[in-house]
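Read-outs: derived from the displayed coordinates by stated rules, not from any lab. The structure displayed is predicted, hence computed values, not measured ones. A quick note on method: Cβ atoms are made from the backbone with ideal geometry, for glycine too, and the neighbour counts reach across all protein chains shown.
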Amino acid sequence: MKNLLLIIASFLVLYGANATELPQDDNKVHLGVASCAASMCHGSVNSRQVSDVLQNEYIVWSREDAHSQAYQTLLTAESKSIAKKLGLKNAETASICLDCHSDNVKPEYRGDQFQISDGVSCESCHGGGADYISSHTNTSIHRDVNLSKGLYPTDDAQSRAKLCLSCHLGNSDKQATHDIMGAGHPRLAFELDTFTILQPLHYVLDDDYKKNKWFADSYVTWVYGQLEASRATLQLIESNLIDNTSLFPELSLFDCHSCHHPMSDLKWTQAKGQGFKPGTVRLNDGNLKMLMVIASSAGKDKSLHLHLTSMSQGLNDKQQLLSSVAQINRVIESIQKVLAEQSPSVRKNAAKHTLRQILSMGAKGQFSDYIAA
């Protein structure tokens with residue numbers, strides 16, 4: 001138990017402040033997939049039993065992982081149609097598309113073998129490899145050294161969530177806006193634990209992995225994913241609604257079905273305790289609803305409910321909105337501290353409580369919108 005708490009505490013100290021730069025912004029040279037694909041590196045057709053790593057990671061990625069086809073998606077007729085509607089020359093050269101469909105680092109950080117057409121490739125997630133490519137194969141060098149050289153900590157749940165959500169939800173630098181979705185881009189939905197499980201694994205969760213890297217069960221992974229998704233949602237609200245000076249708000253932040261339903265479909269319902277009036281355009285707050293569930297198991301639900309209500313009712317008051325966002329972020333931090341101090345038995349009970357809360361809220365119709373469901 002002490003070891004578990006030490007690991008969690010270390011995780012919060014190292015990554016809780018989200019200090020690690022995302023790979024796209026790490027200002028490291030990205031060498032390209034070719035630098036990883038040799039058969040003696042990560043390109044072995046079959047996994048190797050004499051190594052701590054499988055060494056077939058490139059093969060798994062190229063054959064089974066949808067990320068390897070992210071750039072190719074931009075060449076389809078559907079993508080060409082979206083680009084045309086957005087007034088773009090083409091999707092495969094537009095940064096607004098490449099930022100999430102490739103490893104779109106600045107030209108000065110692209111190595112000799114780098115190809116933008118590799119899609120969401122090794123260094124898109126693991127960080128530019130120029131500084132750690134030699135040391136990361138040396139078993140006598142501690143992993144922390146490689147992390148300091150630019151290796152991104154995809155093993156820990158919060159850093160992984162921040163990375164995935166930067167495209168699967170968006171951040172202040174890149175976002176699937178209402179314009180993009182209006183042009184035909186699919187809606188975005190993401191949940192860390194489910195997506196992690198569904199990805200074709202190119203690692204083994206063995207004793208060596210658990211000894212040297214961050215490891216957590218599905219409940220903890222889900223919680224950290226929801227906490228980070230809530231942070232990302234609040235960041236988008238702040239950058240698009242509070243800091244926005246345009247006349248029209250960014251509509252992707254709101255519940256689609258507030259507007260996208262026939263006028264004859266009178267399905268408006270008042271969210272309990274939030275005091276919405278008919279015709280109110282509600283925030284796209286699915287992750288924040290999950291945050292309420294997590295807050296309940298951590299004993300933080302009353303204060304969070306107050307701040308969420310204040311935020312929802314303060315969409316016309318930027319100062320109230322800004323204050324609410326700050327307060328909700330503080331609640332998220334306090335929830336993380338509670339989680340870090342929980343023993344395995346307490347966490348097990350918290351997981352059961354969370355599941356019961358979700359089922360109860362679902363039975364009451366509180367997950368009727370797409371993103372929460």
* Over the alpha carbons of segment 80-179, what is the largest minus smallest coordinate on each principal axis, giving the biggest first in Å? -> 54, 32, 17
* Counting only residues 5 or more places away or on other chains, whose amide H sits under 5 Å from the amide H of LEU283 once H atoms are built in the peptide plane? -> ASP255
* With an 8 Å cut-off on Cα pairs and a minimum separation of 6 or more residues, tell me the relative contact order of the chain in percent. => 15 percent
* Asked: Of MET290, MET311, MET361, which has the largest mean-square fluctuation in a 10 Å C-alpha GNM of the chain?
  -> MET361
* **Inter-site label distance for VAL338 and LEU198 at 7 Å from Cα along Cβ, in nm** => 2.9 nm
* Structure fact -> With Cα springs under 10 Å, the Gaussian network model of the chain assigns the largest mean-square fluctuation among LEU22, LEU163, LEU75 to LEU75
* Asked: Hey, fewest Cβ within 10 Å first, where do LEU306, LEU247 land in order?
  -> LEU247, LEU306
* To do: Using only the alpha carbon atoms of the chain, find the Kirkwood hydrodynamic radius as the inverse mean reciprocal pair distance, in angstroms to one decimal.
  => 22.4 Å
* **Compactness index (Cα Rg / 2.2 N^0.38 Å), segment 22-152** => 1.15
* Taking Cα centroids, how far is segment 32-50 from segment 307-338 in Å? -> 47 Å
